[in-house]
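No lab work stands behind these numbers, since they all come straight from the coordinates. The structure displayed is predicted, hence computed values, not measured ones. Using ideal geometry, Cβ is built from the backbone for each residue, glycine included, and neighbour counts are taken over all protein chains shown.
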């Protein structure tokens, strides 16, 4: 959605963003409001990284406005298996991203707006930013009962969470970003943020579940565009700068040199899944085979998203021990990922003894193992 | 540009030394950021306790979430040391010093306290322990970084080229008077400084200064333009290639492939190749493509190749068989589960179309569509990937004509299809015409398949494809 933007501002921005830190002078040392033209979560997170790494924020601050197509975003030190229903995400083609800031897991779609406040490390101040947002909301709709809690959440009607916060501090710069629920799909939100995986033991940062509500439910005349505009206006006033929103394209290398590499890095398996702190899965499941039900106990240690240790406790002789140990040996070191495990086990099956009974047992066990991932 | 100053310590008094320092002067590197890993235990510096600095917002404790370094690693100033978390904020702690990490004070997930030591760093004895002082060395910059990071405490404005010039000549930027805008240090300033030192007028180096293209901009713009005008490296300097070999363990799917392919090569393969004239098939497909499209299916050549193979297997069932491990028994498989090699991000995956012998060409096409979309989404199931009895590999979509495919156990045959080329051929009347030619390369298990069988199967398959109408006669 195009808000106020002018070509002049785009050019000015490309000068600003391109010139290195030691660069800017008083002529353009005002604060800046920018908005992304993309709804791809990886591209938008990459813009945050880029600004954090490359902009000189000693004398200026930046507000970045962005929205994403359906995606689940986990915090830097979280465990995606613990936080969301990965199977459902894959089925529904909802992206999974890991951001660089801390905090908990959120669901984004186009009915949710994201705000990032960039400042120098010294000027990092989350409360002020959230109060700004609340002020903007109240200016737009004075009757809204919204306030900031000491956990940096924004609550509607004293009870429903409409905004969550996270932050990243670097050497000289810092950013604080938060969400704001305008008209997100609450049904999808609650179903994807419920993890079906059992037996996970992990030191990863857990999310704190909360009841949520959309601002739209409180006042159906509200739209994302209105909220973005109101917040930009309040920001412009408080920072004594023009209420001009400059659009930026997160794929444009000329304005943001090196951005595409940052985007790619955020999409790698090693970042999204591999950065999960060490955890273990201890669980059991039942397998129905012909006329009997079998109990299988599984213990897996996962480090950097890969299986470090794997123990499968099967009823004796259900699978020849050699075959079972071959499976465990192959799983060790491989990614804790359903696709990897499917292709791995299907390939291994080629060199197993070729009797149909064995093969169907193998397939049954492997399918159940894959369900854990 | 990151430079590790490495000097021999013989002339310097050190605080706790028991070893002779041995440094290699060739460690001076001018290329991208380097970490020097010293394998010998040398100690000639002072141990400094790097304390966890203030996080802000009155925070006194944080949790250590990730270490980027370990004891014994070399770090440079501004390198990331660890990631800590406090109340939804993730903080990257960077090093204040150059040196070697000697001790980590916390394990993962432990609480660290602001103001208390985080790591012990052994720094070079020649450098002082002045945390906020101006630093001569520039922070590590890769080719991708186009910014001038502020040097802690002291803003020295100078372009990368000027900095390098200063470093090459052992000049402290803080001692040079800058005559550029905002006291920026220009190349001329460095040369003047040098001239004063050496008492000579130095000739200007060729094309050293980078000219900012934007007239309004007051600083140096980003590197893409810089790179084009970078100073060529003088010939006298030895060319140092700092790339390193990278060894990784083979895991997961690739490990399984190693096993399978090793088993496959135990099979005595023989090859048989031929050329197929697909002129008529190309025309037929053109006619049928829109019909399939209306039914929601994308029609390629593969469904025809697959169906023709199945018809051939009905006549030569030994090619759809399996030999047991002891080579005592041959099992003739009833179902024709024809595998189609697919190139995905992970590598070579071979899902198969089940029971081709009872499927129509359209049904095969439809199933192929399903397998292809699952394959590209990384969502193929175990059932799709197992139970194959015969395989076709359409390597021609990538390129190539003839190939030597490897049989996938427990199968006994495989065919590789090259690309379709337009080539001149002679027809029955001796005239030259434009033919659509594709090459096929078969491999078969010579323990139970002989050349004649393979040749006859191939001829039959070829005849179905060269004259598609003949397929109609034998379709079940």
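Working from Cα positions, state the angle (0 to 90°, nearest 10) between the long axis of helix A:41-54 and the longest principal axis of chain A. For A:41-54 against chain A, the angle is about 60 degrees. Test of understanding: extend the Cα→C-beta vector of residue A:280 to 7 Å, then name every residue of region A:342-373 with backbone N under 14 Å from that spot. Label zone hits: none. If you take the square roots of the eigenvalues of the alpha-carbon gyration tensor of region B:269-473 and sort them as a ≥ b ≥ c, do you get rounded (a/c under 1.5), prolate (a/b over b/c) or oblate? Note, shape of region B:269-473 comes out oblate.
Among the residues of A:99-105, the average count of other protein chain beta-carbon atoms within 10 Å of the residue beta-carbon is 4.
Among rounded, prolate and oblate, which fits region A:180-274 when a ≥ b ≥ c are the square roots of the eigenvalues of its C-alpha gyration tensor, a/c under 1.5 means rounded, and a/b larger than b/c means prolate? Oblate is the answer for region A:180-274, as a/c is 1.5 or above yet b/c matches or exceeds a/b. Entry note, region B:376-442: relative contact order of 30 percent, from Cα contacts under 8 Å with a spacing of 6+ residues. Using all alpha carbons of region A:279-372, what is the percent of pairwise distances in each 10 Å bin, ordered from the shortest bin to the longest? Calculated P(r), rounded to whole percents: 15, 54, 28, 3. State the Cα centre-to-centre distance between region B:372-412 and region B:257-301 in whole Å. So the separation of the two Cα centres works out to 10 Å. One quarter of the convex hull surface built on the alpha carbon atoms of region B:46-123 amounts to 4.4 nm², the projected area averaged over directions. Its residue count N sets the reference 2.2 N^0.38 Å, and the alpha-carbon radius of gyration of region A:47-177 equals 1.12 times that reference. Using the Cβ-Cβ distance between residue A:87 and residue B:429 with R0 set to 56 Å, the FRET efficiency from 1/(1 + (r/R0)^6) comes to roughly 0.35.
Full extension of the segment from residue B:53 to residue B:240, taken as 0.36 nm per residue of separation minus the current Cα-Cα distance, would add 63.5 nm.
Here region A:114-192 and region A:210-235 have alpha carbon centers that stand 11 Å from each other.
Set the Förster radius R0 to 56 Å, insert the Cβ-Cβ distance between residue A:203 and residue B:355 as r into 1/(1 + (r/R0)^6), and round the FRET efficiency to 0.05. Walk me through the numbers on the way to the answer.
Values: r = 50 Å, r/R0 = 0.89.
Step by step, r from the Cβ atoms, then E = 0.65.
Extension gain for residue B:282-residue B:169 works out to 33.6 nm (0.36 nm per residue, less the C-alpha to C-alpha distance).
Here the contact order of region A:279-372, divided by its residue count and restricted to Cα pairs under 8 Å and six or more residues apart, works out to 22 percent.
Kindly state, to the nearest 0.05, the FRET efficiency for residue B:61 paired with residue A:226, given R0 = 30 Å and r defined as their beta-carbon distance. For R0 = 30 Å, the calculated efficiency reads 0.15.
Label sites at residue B:111 and residue A:139, each approximated as a point 7 angstrom past Cα along Cα to Cβ, lie 4.1 nm apart. Relative to a virtual label point 7 Å from the Cα of residue A:318 in the Cα→beta-carbon direction, which members of region A:195-211 show backbone nitrogen distances below 17 Å? What the label zone holds, given the 17 Å backbone N cut-off, is no residue at all. Between helix A:356-371 and chain A, what is the angle of the helix's C-alpha long axis to the longest principal axis, kept within 0 to 90° and rounded to the nearest 10? Long axis of A:356-371 versus the principal axis of chain A: about 30 degrees. Between residue B:363 and residue B:259, full extension at 0.36 nm per residue minus the direct alpha carbon distance yields a gain of 34.1 nm.
The Cα atoms of chain A cover 77, 45, 32 Å along the three principal axes, with the biggest extent listed first. Using a Gaussian network for chain A with springs between C-alpha atoms less than 10 Å apart, which of these wobbles most: A:343, A:205, A:173? Top of the fluctuation ranking is A:343.
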